[in-house]
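J.: Handing you this structure, nothing more for now.
Just so you know, all these numbers are worked out from the coordinates, no wet-lab data involved. Computed from a predicted structure; not experimentally measured. We place every Cβ from the backbone using ideal geometry, glycine too, and count neighbours over all the protein chains shown.
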Amino acid sequence: MKKLVLLFLFLSSIIFAQFNGPKIVAPNPKYDFGDINEGAIVKHKFVVYNKGGADLTIQRVKASCGCTAAEPIKKILPPFDSTSIEVTFNSNRRRGKQRKHVYVFSDDPETPELRLSFTANIISKESAMSNGDFPILKLSKYNYNFGTIKEGEKKEAIIKVSNIGTSPLEIKNIRTSCGCTAALMNNKKLKPNESDNLKIIFDSKNMEGDVARTITLTTNDPKNPNKVIVIIAKVIKE
């Protein structure tokens, strides 16, 4: 009888400790990005929560090669509270099936190291192009002439940017040749057959004569990753 009482107390103490201590849980610790084109940068948010009866402290997050994991929004989770950990994977120079891991370290005595995993199948640029599955950037204009303008005037132009390919187009960078020109675009990820407007603002302050400036769009279009727009104007001083 005494042994049964001791066993009961021992088991009760374990259950009590488990319930009152922190307990880290990930409802969906695995994620599959599926097929992605080589060079694509993809993101996913893993959710973790505290299933225990005491505050959980997330001490650090470590990512394996090829990906980066942002710090969680919250590092201290009260019982039954949750937070997210965003993982970014850069598929540049990688091909085929990939499996990567992210490790979450906490003060959970039972699971001090929680492993999150994701998989992806990277389609090489050569394979995508041979299958005809790639983005194609098309511009409504490759040059724009503002004509004759007065020094100090600001002029605006709209150029239509389209993806006429068969996979998503990502505009990675928009670079202007000088601070006198601004190029703005709301949507930098275009699905096949989707378009958006590139707004160009040209400031002629302190200029005179014939002026030419460039705007360079860098994208994941494998055939033409860089497209250049030339803007020209004749600036006169009063």
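J.: Treating the angle as unsigned and between 0 and 90°, give the value, to the nearest 10°, between the Cα long axis of helix 2-20 and the longest Cα principal axis of the chain.
T.: 20 degrees
J.: Could you check which residue among I123, I36, I58 shows the biggest mean-square fluctuation in a GNM of the chain with a 10 Å Cα cutoff?
T.: Largest GNM mean-square fluctuation: I58.
J.: Among the trypsin sites (Lys or Arg not before Pro) in the range 150-238, which ones are in a DSSP loop with at most 13 other Cβ atoms within 10 Å of the Cβ? Mind listing them?
T.: Values: sites: K150, K154, K155, K160, K172, R175, K188, K189, K199, K205, R213, K223, K227, K234, K237; in loops: K188, K205, K223, K237.
Passing sites in the range 150-238 are K205, K223, K237.
J.: Filter the GluC sites (Glu not before Pro) in the range 12-117 to those in DSSP coil with at most 14 other Cβ atoms within 10 Å of their Cβ, and list the result.
T.: Working: sites: E38, E86, E110, E113; in loops: E38, E110.
Passing sites in the range 12-117 are E110.
J.: Treat each spin label as a single point 7 Å out from the Cα along the C-beta direction, and report the K138 to K43 distance in nm.
T.: It is 3.0 nm.
J.: When only alpha-carbon atoms count, how far does the range 23-129 stretch along each of its three principal axes, as whole angstroms with the largest first?
T.: 54, 21, 19
J.: Sort F134, F46 so the one with the fewest other Cβ atoms within 10 Å of its own Cβ comes first.
T.: Least crowded to most crowded, the residues run F134, F46.
J.: Let me check against my output: what whole-number percent is the relative contact order of the range 56-171, with C-alpha pairs under 8 Å and at least 6 apart?
T.: Details: 170 pairs, mean separation 24.6, N = 116.
Contact order relative to length: 21 percent.
J.: Please go through the range 139-238 and write out the chymotrypsin sites (Phe, Trp or Tyr not before Pro) that DSSP classes as loop and that have at most 12 other C-beta atoms within 10 Å. The partial results should precede the final answer.
T.: Working: sites: Y142, Y144, F146, F202; in loops: Y142.
Sparse-neighbourhood loop chymotrypsin sites (Phe, Trp or Tyr not before Pro): Y142.
J.: Take every Cα-Cα distance within the chain, group them into 5 Å bins from 0 onward, and report for each bin the whole-number percent of pairs it holds.
T.: 1, 6, 11, 11, 9, 9, 9, 9, 8, 7, 6, 4, 3, 2, 2, 1, 1, 1, 0, 0, 0, 0
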